[in-house]
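Undergrad: I'd like to ask you about the structure that follows.
The values are calculated or read from the model by the stated rules, or taken from the named source; none is laboratory data. Predicted model, so just to flag it, every value in this text is computed and none were measured. Methodologically, a virtual Cβ is constructed for each residue, glycine included, from the backbone with ideal geometry; neighbour enumeration extends over all protein chains shown. In case anyone asks, the SASA skips ligands and DNA or RNA and just uses the protein heavy atoms, side chains included. Shrake-Rupley method; radii C 1.70, N 1.55, O 1.52, S 1.80 Å.
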Amino acid sequence: MPQKIMLCRLVWAEEYKSKKEKIFAGNMSYPATHEFAVEQLNFADEKGSVFGFVENRGQNVKLENLGANPADESIDGVTIVFCAVDKLSMNLRVVGWYENAIVFRELQPAKKGSIRGDWEYYFQASSVDAHLVPATERDLEVPRKIRRIDRGFIGQRNIFYPAGNPNYERFLQNFDLVRRGAQPNGTGETDQTAFQEGQRASREASYFARNAGLVKAAKHHHGTTCQGCGFNFADVYGDIGEDYVEVHHKRPIAGGEVRVSTVHDVDVLCANCHRMVHRREIPLTLKELRALIASQRARRKRA
């Protein structure tokens, strides 16, 4: 994992390629008031380059945190991870990143004839090193400060340096999976499979978060005992497990797909069975899951 890495919080946008694009500013007051943000052009291709901005309250970037000398005006070879607050979940999610970027200490004026006009920038990278995550696939969450007493997290600051921070160790590992997923030759099959499982499960969880009524109806229709293995949370954990079970969509939730669902489109599963059905590229059906469990139980009896 590269040590020259920085985390930059932006407004939420779909493409970051137009000054006219709609944005969600979250708690960022200036963009919310004026309905625009200079980072709206962070992924706009200009003759093979991209020029990036992050709101830094007019301050210079502390290049020393990236290993630069105090006299340096820029540093190259930096990975810049862009994140934004998702309007639906209000979670902070990775929206894209630059590889091998140049980071400037001071704001740079736009090039003559640039689509940026008078919009300045802090970062420059090759367009091939600019990776935008499609809005429906922004599943990787960024740890952040929640309570006032929390320390060592990105808080109100829009620039943060996560390398070497124990609070971001897992995040950086997961981000590395995302990075290597964009570079197939460097992707380990086991890691990539685990990441894809997480992506699918995250999309499914997000889908049901938006459809709480379907979850309630599914529990009423199917009950709260796992349809795969027969596990019941309340039987094992008592009151804390009452009315708990996970809901699984029989058909994969594809990024951006919109469908009308009923209780007949879902199963109710315990956490273990739910994770197992997602171990396949095409999730196991309930029939396949039950057959697998029955086969293993029969094998143990014969042993």
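Undergrad: Ranked from the most accessible area to the least, with a 1.4 Å probe and all protein chains present, what is the order of M276, M28? Walk me through the intermediate numbers first.
TA: Values: M276 95, M28 25 Å².
Putting M276, M28 in descending order of accessible area: M276, M28.
Undergrad: Which net charge results when you count Lys and Arg as +1 and Asp and Glu as -1 among the other residues whose beta-carbon is under 11 Å from that of Q40? Walk me through the numbers on the way to the answer.
TA: Values: positive: K17, K19, K20, K22, R116; negative: E14, E15, E21, E35, E39.
Neighbourhood net charge equals 0.
Undergrad: Let me ask another. Under a 10 Å cutoff between Cα atoms, tell me which one of G117, G26, G223 has the largest fluctuation in the Gaussian network model of the chain.
TA: Looking only at G117, G26, G223, the largest GNM fluctuation is found for G117.
Undergrad: State to the nearest 20 debye the size of the charge dipole of the chain about its Cα centre, where the only charges are +1 on K and R beta carbons and -1 on D and E beta carbons.
TA: 900 debye
Undergrad: I'd like to compare 212-220, 234-242: which one has the highest average count of other Cβ atoms within 10 Å, and what's the full order after that?
TA: Listed from highest to lowest mean packing, they are 212-220, 234-242.
Undergrad: With springs only between Cα atoms under 10 Å apart, run a GNM on the chain and tell me which of L140, L292, L63 wobbles the most.
TA: Looking only at L140, L292, L63, the largest GNM fluctuation is found for L292.
Undergrad: Mind running the shape call on the range 34-189? Use the C-alpha gyration tensor, a ≥ b ≥ c as the square roots of the eigenvalues: rounded below 1.5 for a/c, prolate if a/b tops b/c, oblate otherwise. Please report the intermediate quantities before stating the final value.
TA: Numbers: a/c = 1.35, a/b = 1.21, b/c = 1.11.
Taking the square roots of the gyration eigenvalues as a ≥ b ≥ c, the range 34-189 is rounded.
Undergrad: Where the centroid of each part is defined by its Cα atoms, how far is the range 232-253 from the range 1-58 in Å?
TA: 40 Å
Undergrad: Continuing with this model, one more query. Considering only the other residues whose Cβ falls under 13 Å of the Cβ of Y121, what net charge follows from Lys and Arg at +1 and Asp and Glu at -1? Provide the component values of the computation, followed by the final result.
TA: Values: positive: R105, K111, R116; negative: E39, E46, E55, E106, D118, E120.
Within the 13 Å Cβ shell, the charges total -3.
Undergrad: Calculate for the chain the 222 nm mean residue ellipticity that helices alone would give, adding -39,500 (n - 2.57) per DSSP H run of length 4 or more and normalising by residue count, nearest 500 deg cm²/dmol.
TA: The helix-only estimate for the chain comes to -8000 deg cm²/dmol at 222 nm.
Undergrad: I need the phi-derived Karplus couplings for the range 245-250: 6.51 cos²θ - 1.76 cosθ + 1.60, θ = phi - 60°, integer Hz, Gly and Pro marked x.
TA: Coupling constants for the range 245-250: 6, 9, 9, 10, 7, 5 Hz.
Undergrad: Starting from the amide H of V266, placed 1.01 Å from N in the peptide plane, find each other amide H under 5 Å away whose residue is 5 or more places distant or on another chain.
TA: Residues meeting the criterion, in which the H sits 1.01 Å from N, are K250.
Undergrad: Taking a Cβ-Cβ separation under 4.7 Å as the criterion for a possible partner, which cysteines of the chain have none?
TA: C8, C83, C229, C273
Undergrad: What does DSSP give for the range 1-112 in terms of the percent of beta bridges that are antiparallel, rounded to the nearest 5?
TA: Bridges in the range 1-112 are about 70 percent antiparallel.
Undergrad: Got a sec to turn the phi values of the range 159-174 into Karplus ³J(HN,Hα) couplings, 6.51 cos²θ - 1.76 cosθ + 1.60 with θ = phi - 60°, whole Hz, x for Gly and Pro?
TA: Computed from phi, the couplings for the range 159-174 are 10, 8, 10, x, 4, x, 8, x, 5, 10, 4, 5, 4, 5, 5, 5 Hz.
Undergrad: Output wanted: per-residue J couplings in Hz (rounded whole) for the range 24-39, from phi through Karplus 6.51 cos²θ - 1.76 cosθ + 1.60, θ = phi - 60°, x for Gly and Pro.
TA: Per residue, the Karplus-derived 3J(HN,Hα) values read 10, 8, x, 9, 8, 5, 4, x, 5, 6, 9, 6, 7, 8, 4, 6 Hz.
Undergrad: Pull up the DSSP beta bridges for the chain and report the antiparallel fraction as a percent, rounded to 5.
TA: Numbers: 29 of 35 bridges.
The answer is about 85 percent antiparallel.
Undergrad: Let me ask another. Take the chain, connect every pair of alpha-carbon atoms lying under 10 Å apart with a spring to form a Gaussian network, then pick out the residue of K17, K47, K111 with the largest mean-square fluctuation.
TA: Of K17, K47, K111, the most mobile in the Gaussian network model is K47.
Undergrad: Around F36, which amide H atoms from residues at least 5 apart in sequence, or from another chain, sit under 5 Å from its own amide H, with H modelled in the peptide plane?
TA: none
Undergrad: What net charge is computed for the residues neighbouring Y244, neighbours being all others with C-beta under 13 Å from the C-beta of Y244, Lys and Arg scored +1, Asp and Glu -1?
TA: -3
Undergrad: S74's amide H: which non-local residues (gap 5+, or another chain) put their own amide H closer than 5 Å, with H modeled 1.01 Å from N in plane and none for Pro or chain starts?
TA: R105
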